[in-house]
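In what follows, a structure is listed as structure tokens, so that the remarks can point back to it.
Just so it is clear, none of the values below were taken in a lab; they were calculated from the coordinates. Keep in mind it's a predicted model, so treat the numbers as computed, not measured. Cβ coordinates were reconstructed from backbone atoms using ideal geometry, including for glycine residues, and neighbour counts include every protein chain displayed.
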Amino acid sequence: MNKNMDEIYFNVDTAIPCGLIVNELITNCLKHAFPDDINGEVKIDLLNIDDKYVLNVSDNGVGFPDNIDYKNTESLGLQLVNSLVNQIDGTIELNNKDGSNFKIIFRQVEYKKRL
């Protein structure tokens with residue numbers, strides 16, 4: 001696993017959804033990207049660019065199936081990822097060249113007072 005991360009501190013309203021997103025996308029990489037024990041690499045980037053955060057979770061595996069719409073799927077994990085991306089007011093894109101690369105762009109979530 002490779003990682004490239006800026007030193008970033010998130011509040012809890014941003015950190016928890018981001019952690020769950022990363023967990024789910026890495027789990028998908030490990031489960032689906034490298035069938036038949038083929039070797040590969042998983043990479044995580046988290047960068048602060050122009051007051052936005054860019055999170056990339058990618059692999060060099062077999063790629064995401066073309067016949068599955070990652071934004072509208074039966075997969076509970078990808079439904080969770082999309083819901084969490086919405087929760088942090090982000091956008092998600094999939095680049096399916098040379099493996100899978102999920103790119104999420106978002107801003108720090110403003111703390112909301114709880115009752």
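Listed values, structure above:
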item	result
Sum of side-chain charges, L46 neighbourhood, beta-carbon under 12 Å (Lys, Arg +1; Asp, Glu -1)	+1
The stretch 76-115 residues near the modelled K31 label - backbone nitrogen below 19 Å, point 7 Å along Cα→Cβ	76-85, 94, 100-103
Using alpha-carbon coordinates, inclination of helix 12-28 to the longest axis of the chain, degrees	0
Positive minus negative residues near Q79 (Lys, Arg vs Asp, Glu; Cβ under 13 Å)	-2
For Q108, distant residues with modelled amide H under 5 Å away	none
Förster radius 22 Å - calculated FRET efficiency between R107 and E7, Cβ distance, rounded to 0.05	0.80
Option label - Cα extents along the principal axes in Å computed here, alternatives [x] 49, 31, 21; [y] 56, 32, 25; [z] 90, 26, 20	[x]
For the chain, with +1 on Lys and Arg beta carbons and -1 on Asp and Glu, the positive-most of Y53, I105, A15 along the dipole	A15
Folded to 0 to 90 degrees: helix 76-87 orientation relative to the chain principal axis, Cα	30
